[in-house]
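Here the structure comes first, spelled out in structure tokens, and everything after it is commentary.
The values are calculated or read from the model by the stated rules, or taken from the named source; none is laboratory data. No experiment lies behind these values; they were computed from the predicted model shown. FYI the Cβ positions are ideal-geometry reconstructions off the backbone, even for glycines, and counts take in every protein chain you see. Side chains are part of the model used for accessible areas, which takes the heavy atoms of the whole protein and leaves out ligands, DNA and RNA. Shrake-Rupley method; radii C 1.70, N 1.55, O 1.52, S 1.80 Å.
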Amino acid sequence: MSRCYLAWAKDERIREKGADGGFVTATLVSALETGFIDIALVVAKKSVYEGIPVLTSNPEVVKECAGSLHGAPINLTKYVVEYAAEKRIGLPTKPCDARGIIEQAKRRQVNLDNIFMIGLNCGGTLHPLRMREMAADFYGLDPDSVVKEEIKEGKIFLVSKEAGGKEKETAIKIDELEQKGYGRRDACKSCVTKIPTSSDLACGNWGVPKGEEKKTFVEVLTAKGEAILKNAIDSGYVCIEEAPGEGIEMRRKIEAGMQKLAESWKERIDEVNALSRSGRFDFYVDALKNCIHCGACKEVCPVCACEKEAKCLDMNDERDSYAISMYNVLRIFHLMDSCIHCGQCEDVCPVDIPLTLIQRRFSERMQRHLGYTPGMSVDEKPPLYETELRWNAESMMK
Amino acid sequence: MAEEEWEPKILAFCCNWCSYAGADAAGMERRQVPPTIRVIRVMCSGRIDPAFVLMGLLEGADAVLVTGCHIGDCHYVNANNKTRNRYEFLKEFVDELGLEPDRLWLRWISASEGALFADMVREVTEKIKKIGPSPLRRDWKK
Ligand SMILES: Cc1cc2nc3c(=O)[nH]c(=O)nc-3n(C[C@H](O)[C@H](O)[C@H](O)COP(=O)(O)OP(=O)(O)OC[C@H]3O[C@@H](n4cnc5c(N)ncnc54)[C@H](O)[C@@H]3O)c2cc1C
Ligand code: FES
């Protein structure tokens, strides 16, 4: 099915405002105007440090939300489940959004036939608070004066408004920032799903030839993706051309490079790896003892579909005073096959438990063992629900 | 004060139709079974929610045994296949948490295998005596 195009919005304003060719926005606008979808979910910019999800049927609102926000590490999955499970909806999906939605579909919370996932390639997001610190400490800027941010050519660009109303652009290499503990979130640094292959379309700037800026590279992944693209072209909102071979090759190469980098980050940020068995035990007990059982990590988790009647809540009684609470033990256990490593849990944790690392350590080894990657195909049931073992032949041999 | 010899506490889940009857058989045949074991009877090993095992460990059991009918003999079609699947998850969990792998066991024991039951308890007790008390153990008397 896979076909690659360069695409852009016909409407010059959309194209101008869009992160690349404004293709994503134009496609959603056309789908709304032609009644192809009932509703769209987009992200509105409050500031460079804050993006809020907006559910709307108004094409004008969608146009307002064009552009990429790297300081808004939200996951859109739960908004779809909560507010639009019955609607025909279109939305931009980073790889972790798409994977979350697929996991919810496996748990019968949403019907994928009604969801049009316009995937966005994703190199990663920044945590808003760390981004403010970064602006002050490394860029020497007043964080509130920053009006625009962009990530390109391996650098993070911050544009600030100076006293006289002039705009100033400062860029620092991502590598340099990340060596010092800033830059992208840990979950993003170590994420290997850079192209949302479980969406209907995958859009990004990788593969757009130099000099052809203001175009979006689009890969069509499913029949649904083809349908919404056709709708956008037929209604006159979008222009496309065949993607050049070297563009496709370039995109593949960049993806492979990013994946390699992610693998190396995994090692670098894993402080538990060097510990002995009992050291590991002490680390987990120590890290999780701070938990105040607010339930926020469960609330935002794009995989969890248990709502209020959840075993991790039911079986938890703080009066037990276990070394690690049932809540944490069960959340980790239940996610071993299904965690997509999006890091939402850590973002909302009020006591800063390193949940990204903990969840990844438990789930990654299990998933490797199972030969299973969650969030990729709705036809693959979570292995914990299965009757029979699902073993990865390779890991059996070891 | 003279040090009392430390006795492991081992929690065993037994299914009503096979392994519990196996434990019974061990008694009927007057076999010596170490007194380290506490048995919880369930109707089928498929009833053993991994949460029960995890809670047993958190309560301080030095080892938890999951037992049931042999594969193919489960009295509820194939529920012990599910047990086997869940056990693999528990095994990974226990290992990653930093507990010794020997703190978790899976054994299939039929109603007539009293000897096997007694041997298992002996084997587990010996292993646990070697590795010592669980770091999760909570002894209130000091
Ligand atoms: C955090 C992030 C990182 C990215 N990294 C890469 C990369 O490394 N390589 C690459 O090729 N492409 C990357 N992209 C995709 C790229 O920036 C463009 O979004 C894509 O090319 C589509 O461009 P467009 O002009 O067609 O989209 P637009 O018409 O500008 O539409 C973009 C849509 O995305 C929504 N959106 C903005 N921020 C977010 C967010 N944080 N989460 C979810 N939705 C959001 C907007 O509301 C809008 O609807 C990234 C996008 C994001 C959001
Ligand atoms: S009845 Fe014994 S395992 Fe199911």
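Restricting to the range A:92-141, and then to whatever is acidic (Asp, Glu) and buried (at least 24 other Cβ atoms within 10 Å of the Cβ), can you tell me which residue is farthest from A:Glu307 (Cα to Cα)? Applying the filter and picking the extreme gives A:Asp97.
Out of curiosity, is A:Ile37 in a loop (DSSP other than H, G, I, E, B), at pLDDT 95 or above and touching a strand residue (DSSP E or B) at 6+ places or on another chain (Cβ under 8 Å)? Yes; evaluated as a whole, the condition is true for this residue.
When A:Val62, A:Val80, A:Val24, A:Val29 are screened for being within 13 Å of ligand 1 (Cβ to nearest atom), farther than 24 Å from A:Pro302 by Cβ, at pLDDT 95 or above and in a helix (DSSP H, G or I), only A:Val29 passes. Taking the listed residues A:Lys215, A:Lys230, A:Lys224, A:Lys253, the one that is among the charged types (D, E, K, R), touching a Gly at 6+ places or on another chain (Cβ under 9 Å) and at pLDDT 95 or above is A:Lys215, with no other qualifying. Residues that are hydrophobic (A, V, I, L, M, F, W, C) and over 26 Å from A:Arg132 (Cβ atoms) number at least 3 in the following helices (runs of 4 or more DSSP H) confined to the range A:151-255: A:223-234.
Among the residues of the range B:105-137, those that are open to solvent by 50 Å² or more (accessible area, probe 1.4 Å), closer than 27 Å to B:Asn85 by Cβ and assigned to a helix (DSSP H, G or I) comprise B:Leu116, B:Asp119, B:Glu123, B:Lys127, B:Ile131. Looking across the range B:11-70, just one residue is open to solvent by 30 Å² or more (accessible area, probe 1.4 Å) and in contact with a Leu (Cβ under 6 Å, 6 or more places away or on another chain), and that is B:Arg38.
If you go through the range B:37-53 and keep only what is hydrophobic (A, V, I, L, M, F, W, C) and within 14 Å of chain A (Cβ to nearest Cβ), you end up with B:Cys44, B:Ile48, B:Ala51, B:Phe52, B:Val53. In this structure, does B:Leu97 turn out to be within 10 Å of chain A (Cβ to nearest Cβ), open to solvent by less than 20 Å² (accessible area, probe 1.4 Å) and more than 13 Å from the chain's Cα centre (by Cα)? Taking the combined requirement at face value, the residue satisfies it. The set of residues from the range A:16-35 being open to solvent by 40 Å² or more (accessible area, probe 1.4 Å) and over 22 Å from the mean Cα position of the chain (by Cα) comprises A:Glu16, A:Glu33, A:Thr34, A:Gly35.
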